[in-house]
Amino acid sequence: MIDILSLPYRKKFSAELPKDSEENNFSRQVIGACFSLVETKVPRNPEIVHVSHSLLQELNLSVVDTVEFLKIVSGAKTFNGFEPYAMCYGGHQFGNWAGQLGDGRAINIAELDIENINWKLQLKGSGPTPYSRGADGFAVLRSSIREYLCSEAMHHLGIPSTRALSLVKTGDFVTRDILYDGNKKDELGAVVCRMAPSFVRFGSFELLAARNDSKVLKQLVDYTIVNHYPELGAPSKEVYIQFFKTVAEKTREMVIHWQRVGFVHGVMNTDNMSILGLTIDYGPYGWLENFDRNWTPNTTDRNNRRYRFGNQAQISLWNLNKLANALYPLVLEVDPLQKVLKNYGNEFLAELHKMKLSKLGLYNIEISETFLDRLEDLMERDELDMTLFYRSISSSENRENWEGFNSSLVNSSYKSNDISINDWRNWYEEYTSHLAKENILATELNLKMKLVNPKYVLRNYMAQLAIDAAESGDNRLVDELYQLLLKPYDEQPEMEKWYVKRPDWAKNKVGCSMLSCSS
Ligand code: AMP
Ligand code: MG
């Protein structure tokens, strides 16, 4: 174990890419640079809410001096003199080009070599930057708990994600209008220290391309390839195409995982798409409870539902299209980029099909799409809780005979009666005929299915309960959920109280079913 604070920083991003020459902190367009130096706001009365000991452990790190650690992860002090910086990027928001966005409230506080990876440590909510566009640069406890718990939960679900090292309350108040209805409230301020090998987004490239800044664009692409995709070789036109193809593959894998666990990101703008294929920027995200392909937790997107569960694949393709446009000045040929995009769609469908079958314990990919569509139509119609249903049929007694299967339906449905039994029976007959052809012991199949069908996910109401408690000073539920979600595929019999349907009170409650971008 190495004391994290004893690590010397080693600048990579901020050493190898062009820096903004302006050092005063005011909102502006930053041209010809990838980042701006900026100081973190010193919090009034910082206090640790939680530290991710599993992240520390995975990286073979420890915290020796907790007082000093709190100073660093709350922004009160620099990391061994490292010059903090905010990154410049743009993006398409809800389908429209938004120009420069950038880290409006994220500040990189260190770049550390840990076990062969150069990790970036970033404080979210540590004050305004040149990219704040008139906003305050702060974050509230409620959204910070959501980001903290979900980053770690996603990682333990086996889904690529930025990580969260710590969560602190700042002791400052932050004013927010949660539902944008004129009801402003002072909320508790907080800072999450998040970690990733890179926080570069599709929008980082888009902004440079939009500004015709081919010089810095090439620098950023080359930097990303050399540091994060070294296996592709020295940058060249061919390598740029391979780079795009690899980013597309990583993006596809990430979104298929989201579909597998019923995760809806909520704001898949291109500035929220990581170039490493990591789930990033946890805002109004959510997990499907009653299966509904049209569902989005983001009330800001209520009318168009652009980022609904059933549209995440298409949106990832749309976003990759924007990345292709941004890389075009380096490739100067449309066809190879188009080819990657075309394959993306086809491969996505094939992988999605495979993944959906695996949730049912089926591995013969010849099984028709109609079989899966019928299932989803029924799940939607009978409002089956996605997590409960799939987990339930991962036990043979709920899969191998109709009575057991029927009880899975009843137990996971949000409808009290009126389940379409005849249609289910027909579907179930076909299901058992497919299952019969799988050459595998029931006990083995149970194990396999339980590895793709998590038992515990961070339902919005669970996060909201932890938020309510933490807002009144009790952090125990944050810790309980953190511990629970370290092992989402394990039975954890003592935690069964979290293996239940969303309670009725949560159905229409702010923070549970309705979330805005206000954070
Ligand atoms: P998001 O929807 O969280 O991805 O944010 C979109 C853009 O708005 C990013 O450039 C953020 O840095 C910026 N932003 C969001 N909230 C704030 C805030 N409170 N202060 C400053 N910038 C913000
Ligand atoms: Mg963002």
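The values are calculated or read from the model by the stated rules, or taken from the named source; none is laboratory data. Please read all numbers here as calculations on a predicted model, not as lab measurements. Ideal geometry is used to build each Cβ from the backbone, glycine not excepted, and the neighbour counts take in all protein chains shown.
What to note about this one:
- Residue 44, sole failed condition from (1) modelled with pLDDT under 95; (2) in contact with an Asp or Glu (Cβ under 6 Å, 6 or more places away or on another chain): (1)
- Unique match (being surrounded by fewer than 19 Cβ atoms within 10 Å (Cβ to Cβ) and under 24 Å from the mean Cα position of the chain (by Cα)) among 114, 2, 109, 31: 114
- Number of residues in the range 46-75 that are of a type in the set (A, V, I, L, M, F, W, C) and touching a Pro at 6+ places or on another chain (Cβ under 6 Å) equals 1.
- Yes/no for residue 266 being in contact with a strand residue (DSSP E or B) (Cβ under 6 Å, 6 or more places away or on another chain), more than 16 Å from ligand 1 (Cβ to nearest atom) and in the same structural domain as residue 318 (by TED's automatic domain parsing): no
- So residue 277, is it buried (at least 23 other Cβ atoms within 10 Å of the Cβ), assigned by TED's automatic domain parsing to the domain that holds residue 230 and small (Gly, Ala, Ser): no
- Matching residues in the range 279-330 - criterion: being out of contact with any strand residue (DSSP E or B) (no Cβ under 8 Å at 6 or more places or on another chain) and hydrophobic (A, V, I, L, M, F, W, C): 313, 315, 317, 318, 320, 323, 324, 326, 327, 330
- A search for C-beta distances below 9 Å between a residue of the range 136-156 that is in contact (Cβ under 8 Å) with a residue 12 or more places away in the chain and within 20 Å of residue 47 (Cβ to Cβ) and any residue that is assigned to a helix (DSSP H, G or I) and of a type in the set (Phe, Trp, Tyr), counting only pairs 6+ apart in sequence or on different chains, returns 148/482; 149/482; 152/482.
- Residue in the range 201-217 that is among the polar types (S, T, N, Q) and within 16 Å of ligand 1 (Cβ to nearest atom) present: yes
- Among the residues of the range 80-100, the ones that are in contact (Cβ under 8 Å) with a residue 60 or more places away in the chain, surrounded by fewer than 23 Cβ atoms within 10 Å (Cβ to Cβ) and within 16 Å of ligand 2 (Cβ to nearest atom) come to 8 in all.
- Residues that are within 11 Å of ligand 2 (Cβ to nearest atom) and in a helix (DSSP H, G or I), drawn from the range 254-282: 270, 271, 272
- Meets criteria (closer than 19 Å to residue 277 by Cα and touching a residue at least 60 places away in the same chain (Cβ under 8 Å)) for residue 211: no
- In the set (1) surrounded by 15 or more Cβ atoms within 10 Å (Cβ to Cβ); (2) modelled with pLDDT under 95, the condition left unmet by residue 409 is number (2).
- The criterion of at least 2 residues that are over 21 Å from residue 378 (Cα atoms) and not assigned by TED's automatic domain parsing to the domain that holds residue 284 is met by the following helices (runs of 4 or more DSSP H) wholly inside the range 403-491: 442-450, 460-471, 476-484.
- Lone unmet requirement of (1) within 16 Å of ligand 1 (Cβ to nearest atom); (2) assigned to a loop (DSSP other than H, G, I, E, B) for residue 319: (2)
- Residue match in the range 301-316 (condition: within 20 Å of the chain's Cα centre (by Cα), more than 29 Å from residue 503 (Cα to Cα) and surrounded by fewer than 17 Cβ atoms within 10 Å (Cβ to Cβ)): yes
- Any hit, the range 151-159, residues being among the acidic types (Asp, Glu) and farther than 30 Å from residue 454 by Cα: no
- Any chance residue 501 is assigned to a loop (DSSP other than H, G, I, E, B) and in contact with a strand residue (DSSP E or B) (Cβ under 6 Å, 6 or more places away or on another chain): yes
- Odd one out for residue 204 among (1) surrounded by fewer than 21 Cβ atoms within 10 Å (Cβ to Cβ); (2) touching a Phe, Trp or Tyr at 6+ places or on another chain (Cβ under 7 Å): (1)
Conditions tested, residue by residue: (1) over 19 Å from residue 54 (Cα atoms); (2) surrounded by fewer than 16 Cβ atoms within 10 Å (Cβ to Cβ).
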| position | (1), (2) |
| --- | --- |
| 445 | yes, no |
| 449 | yes, no |
| 461 | yes, no |
| 464 | yes, no |
| 470 | yes, no |
| 481 | no, no |
| 490 | no, yes |
| 493 | yes, yes |
| 514 | yes, no |
